[in-house]
Structure formats: C-alpha cells, structure tokens
1. Only Cα pairs under 8 Å and at least 6 apart count here; give the relative contact order of chain A as a rounded whole percent.
2. Based on Cα positions only, what radius of gyration and what Dmax would you give for chain A, in angstroms?
3. How many angstrom lie between the Cα centre of the stretch A:40-89 and the Cα centre of the stretch A:105-175?
4. Treating only the Cβ of Lys, Arg, Asp and Glu as charged (+1, +1, -1, -1), what charge dipole size does chain A show about its Cα centre? Round to the nearest 20 debye.
5. Using each residue's phi in the stretch A:171-183, evaluate 6.51 cos²θ - 1.76 cosθ + 1.60 at θ = phi - 60° and report the 3J(HN,Hα) Karplus result to the nearest Hz, with x for Gly and Pro.
6. At 7 Å along the Cα-to-beta-carbon direction for both residue A:4 and residue A:60, put a label point, then send me their distance in nm to one decimal.
7. For the stretch A:177-220, what's the relative contact order in percent, using C-alpha pairs closer than 8 Å and at least 6 residues apart?
8. For the stretch A:322-376 and the stretch A:182-201, what is the separation of their Cα centres, given in Å?
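Where a number appears in this text, it was derived from the coordinates with a stated rule and is not lab data. Model, not experiment: these values are computed from the prediction. Glycine gets a Cβ as well: all are built from the backbone with ideal geometry, and neighbour counts include every protein chain shown.
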Amino acid sequence: MYKLIKKQGNARRAEFQTVHGTIQTPAFMNVGTSAAIKGGISSYDLKDLKCQVELCNTYHLHLRPSDDVIKDMGGLHKFMGWEKPILTDSGGFQVFSLSKLRTIKEEGVYFQSHIDGKKIFMGPEESMRIQSNLASTIAMAFDECIENPAPYDYTKNSIDRTTRWLVRCKKEMEKLNANPNSINQNQLLFGINQGSTYKDLRIQHMKDIANLDLDGYAIGGLAVGESAREMYETIEAVEPYMPSDKIRYLMGVGTPANIIEAVYRGVDLFDCVMPSRNARHGHLFTWSGIININNAKYERDLEPIDNQCDCPTCRNHSRGYIRHLLKAKEMLGMRLAVIHNLYFYNTLMEKIRYSLDNDTFDQFREENVEILSKRI
RNA sequence: GGGAGAUUUCCCGAGCGGCCAAAGGGGGCAGACUGUAAAUCUGUUGCUUUCAGCUUCGAUGGUUCGAAUCCAUCAUCUCCCA
C-alpha cells in the first residue's frame, strides 16, 4: 500500500507497506539476480548497507536452482536469510538481454537456456507461477523489454502484446494468491509500461494498463541505449498517466544522476546493476565524483575511497589496499568495492528522502547531479 | 675433460632468409558497463618530428641485395658421458 507523505514539485516522498515491512521511498533496490548480490555480499551484510529491498530474477532462479527447490526451501526469504521485501523481476528483461537465445510468440517466449541450451518456455502464467513459488513480496508482470532503437510498428505490436500478457499475469496472480498452498498469498503485482521512446505509444500503453488497478506501475525499456535526455523526456511524457496513488518504479536505472532526475520527475523506486557490477570493475562512486580505483595513481593512496563516506569499507581500508586486492583478483577486493557502492546508493536515496522531508530536494538536485557524474 | 641443446621485446613463448617492431598468453596502462549469459568486454603496451623514420631478438664479427632466422668466435645456462 502506497502512502504519500510529501511532494516537492513532482518528486514524491512516501512509504510503501508490504507484508515484509515498509519501504521508505524513494528507494533503491539492491540487485541479487541469482539470490545473491555478486561480490560476496550476504543478506546479513545488507543490513549494514541500509538496503531496504532486494531484487532477484525469475528466469535465473527458475533455471538454477529452480523455483521448485526454492518453494520447498520455504521461499526466497528463508532461502536467502532476508526478511525484508524482495522484488522479483519477471524474466521480461531476459527477452531483451538474451535476445539471441529466444523466440517471442503470442503465448510467451521460448528461451534456450544460457546455461545448458535446454529449451524453456516462459509465458505470463509461467512467470507468475515461478514468482509465486519464489514467494517474493512483489512480482513483476511478464513483459517484453524492447531493444533500442526499435521500429514504430514493432513497438506498437509489442506493447499491445505486453498488455495482453499483463491481463493474463493479473488473472494468474489472483488465482495463485487465492491458493492456500502459496507461501505468500499477499504477493503484489506491478505492471510494466513499454513503448520505446515513442511518446504516443508510451502514453497509450500506460493508459491501457493504468485501469487494471495493479499494486504498482513500472516504466521499463529505458536505459537500453537511448540518451539520458530521451529517457527523461519519456518519463515526463508518461508520468501524468501513471496512477498517482500507486508506487512508480523505473526499471534498471541508473546512474546517481539518472536517479535524482527521475525522482525529480516523480519516480519512487529504482534498481540497477551498476553499483555492484561497476564496483567489481573498480569503478567507485564518491560524493565528489567517480573514481577508477584501478588507476595507477591510487597505488600508494592511504585515503579511504571517499572520506565523506562511513561505509564499512571506508571505515577500515585505504584506496591503495583495495586497488591491490582488485588487481590481485582477491575476492575481498570485489566485496569491499561492492559494499562501498551499495552503501553509496542506499545513502544517496536516504539523502534524497531527507531532502524531500525538509523541502530541500531541488537544492540537493542542483548541488549533486553534475558532481556525482564527474570522473575524478 | 668430452658431447648435445638453449639464449626473442616487462615475463612466458612462437618465429627457422624478405610478408617481423616480431604470433599467442600473462603482466602493465587506460576505457566500457544502467530490470546481471558480465570475476566480463574493448583499446593499448620498443623509440620518434608516426601515410614515415630509427633502434631491438645474449655479444662481436662475417655471408647475403636483405639476417631474430645462415656461419665463426666468445659469454651464460641446461642436460648427458667421464
């Protein structure tokens, strides 16, 4: 349940109540695709990282270890040892990212497993059943994340199919939630808006799905190659058509600047692989800009990654040490780097919330958007 | 003491007369990464005044139009026989 606390312009400060606890928004979801955040981060670490929600993936967990196993293990929360909310992505992104290994049909998508080549079918019903077995807090509708650029006609056909799939998702979810064998009978369902960068299609699709009265609405299919400007314009175009009493989730976004700009345009929820993946590659976020800890200039640097940061990594270790660990491919290097970046992202959201609470968000945005994108 | 083999650019290692500033790894340097097929991928890695020139393949000297590649001597290392 979405409870608006405060607004500044289009930016919204709210709470989202779930059976696994309340999420303070705007919030960033920490991505643990295969029931783990890459880089050796455990659920107990996430508590120190101010993580509110973890995101896992339907397609990946279905392949391994399988949703049956996870259901028998008591659902994802027990499986991972994480009590707070979990959002599962539907597999719709894999329609995009694994495009070479799949065929789209009206009934759903035929994948060839990226692990062993096995043929896998996933349609709206399958995705909902898998997510019900995983027993996440929030299930995402099964959609097609359209590649960019995409022809207009293709996009039009695709969003209409995504709408039909959404209706099937909703129906299946209602069935599953009514089933006493379901671990989480209160599983929430979010719909996903598509339409590439065509504003008319985005709006049309948003209108089509808005009246389905879902638990939340996501904007998908962005940050897939279009410019930041196009992304912002797309959000601005659809935002007026998103139900204002429902949580809004911008999928897969983004850089700290992207997040601030999207909050400014009315988005509540984010997720992105960037803080964890980039951390593993030595690309670290600081309050003064972005550093690449692999650079030779940090070899003998005794300073923490960011002296304005009080994350476990910055409280204990120097740049020179982390650079060494990453260079030596010691797993501790990745772990420390990921801890820092996730803490940074979760702190960024905390600061955004704080600024909204204090009506200083516009100022926060002005002061930070540029600096956080700068490479130093 | 006698015999066989080796010595290549930061490292390992290919090359066996011109297409060699020299394959391929590794390492170094730098870049990319946005609902994670990503512990991945890309570029670069002798010097310079870079549509070219110069200096490199243990050392020196030779053969040749032309040598990392052939010959001689020396140096170092490895193995085998005494």
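1. Reported relative contact order: 17 percent.
2. 20.1, 60
3. With the stretch A:40-89 and the stretch A:105-175 each reduced to a Cα centre, they are spaced 20 Å.
4. That gives chain A a dipole magnitude of about 720 debye.
5. Working through the residues one at a time gives 4, 5, 5, 4, 4, 5, 5, 7, 7, x, 7, 6, 5 Hz.
6. With each label placed 7 Å out from Cα toward Cβ, I get 3.5 nm.
7. 41
8. The stretch A:322-376 and the stretch A:182-201 have Cα centres separated by 28 Å.
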